[in-house]
Structures are given as structure tokens and as C-alpha cells.
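Trainee: Got a structure here, written out as C-alpha cells. Questions coming.
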Amino acid sequence: MITSTVIFSFIVGAVSGLIIVSAALWAKDLGLRMNAWKWLLVILWYLLFNFFIFLDFTLIGEGEAEAGLRMLLFQGIVMIVLGVGLVRLLWVGREKTTS
């Protein structure tokens, strides 16, 4: 039986596939010098982001809307801070590209 959860998971998987395929091109266009540990940090951030989204909206769907929204707020702040730190780390040593 196809439910809304199955459709949502399919959409998230398809979008994740597009993100994974285009990440290398995106890094090259920005002139980022990526190595294995930087890619690992990017992958971990993205997995943590997806985990938090699924966790929070599962709580909301199970009738614990207040807990889900509080966690969404807290984890959103955490992910923004981690994302800014990751971008700053990736931006260091960037090749200057001229257009």
C-alpha cells in the first residue's frame, strides 16, 4: 500500500540523488579544494540534517506536535551553526576563479 510516507521518502531519495550527483560539480564551480575528510563532513552534515527532519516530523505526525516543533527549532539552530561552520571551513583555501 502506497502511503504519504512512502511518497515523501521517494521524493527525498530522488532529491538526495540529485544533490549527490551535482555536489562535485558545485564544488568545482565554486573553486573549493575538496579532499576526503571535507567530503565526509559534508556527507555527515547532510545525513544529520535528513535525520533531524525525519525525526521531528515523525513526532509531529504521531501527535506530539509541541515536542516536534521544539526539537525542530532547537535542531534547526544547531544545523545552521554547523552549516555556517562547515561553509567557513570549506571556503578556506578556495581557489580564486575569475569569470
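Trainee: Just a yes or no: is a residue in the range 41-54 farther than 19 Å from Val12 by Cα and at pLDDT 90 or above?
Mentor: Yes, the range 41-54 has at least one match.
Trainee: I'm trying to understand the selection: among the residues of the range 1-50, which are hydroxyl-bearing (Ser, Thr, Tyr), touching a residue at least 12 places away in the same chain (Cβ under 8 Å) and either in contact with a Cys (Cβ under 7 Å, 6 or more places away or on another chain) or not in a helix (DSSP H, G or I) (or both)?
Mentor: The answer is none; no residue qualifies.
Trainee: Something else: Hey, can you tell me all the residues within the range 29-52 that are polar (S, T, N, Q) and touching a helix residue (DSSP H, G or I) at 6+ places or on another chain (Cβ under 9 Å)?
Mentor: Correct list: Asn50 only.
Trainee: Taking into account only those residues within the range 45-66 that are under 19 Å from the mean Cα position of the chain (by Cα) and farther than 14 Å from Ile19 by Cβ, which is surrounded by the most Cβ atoms within 10 Å (Cβ to Cβ)?
Mentor: Asp56
The values are calculated or read from the model by the stated rules, or taken from the named source; none is laboratory data. Nothing here was measured: the structure is a model prediction, and the numbers come from that model. Note that each Cβ is placed from the backbone with ideal geometry, even for glycine, and that neighbours are counted across all protein chains shown.
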